[in-house]
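Notes follow once the structure below has been shown.
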Amino acid sequence: MAGTKGRSGGARPGAGRKPKAKADSKSNQKAAAVSVELEPQPHGGALKRTSEQPVDLGSLNMLEMLQSVALGKVKATSLQVRAAIAAVQYTHTKRGDGGKKDEANANAKTKAAGRFAPSAPPKLVATGGKKIP
């Protein structure tokens, strides 16, 4: 009833963001690298303070460590993650550092070298193999 006064507009049943399912907060907690505490202030209120503790990652190489951080298996400090990102660049090459096109060009050069290689100069049979000046 678009033209009737008081009948148009308003909330629709079932519309809007759905409420989140409440999960057990204690069962999902891991050994956190970052702890957040509220620090009371003398004038009232509180400040949120974070403190980071480095996590021992054992024998993981940098790429495995970043993958486990991305999957949520390990909570590392921001400094550990930044250092791992910097170190991975030296141990693992990216696709752009020697990708398909470079590989195809190298293969084409080796293939063409056999087929279109410069031919050998003619043998100097008449002069006994010596060059004429």
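Read-outs throughout are calculated quantities, based only on the coordinates presented, and are distinct from any laboratory measurement. Source: prediction; values computed, not measured.
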Checklist line | Calculated on alpha-carbon atoms, Rg and Dmax of segment 63-125 in Å | finding: 23.5, 79
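Hey, which of these cross-link pairs are over 26 Å Cα-Cα: Lys22/Lys48; Lys73/Lys101; Lys22/Lys75; Lys48/Lys75; Lys20/Lys75; Lys18/Lys75?
Numbers: Lys22/Lys48 24 Å; Lys73/Lys101 36 Å; Lys22/Lys75 22 Å; Lys48/Lys75 20 Å; Lys20/Lys75 24 Å; Lys18/Lys75 29 Å.
Check vs 26 Å cut-off fails for Lys73/Lys101; Lys18/Lys75.
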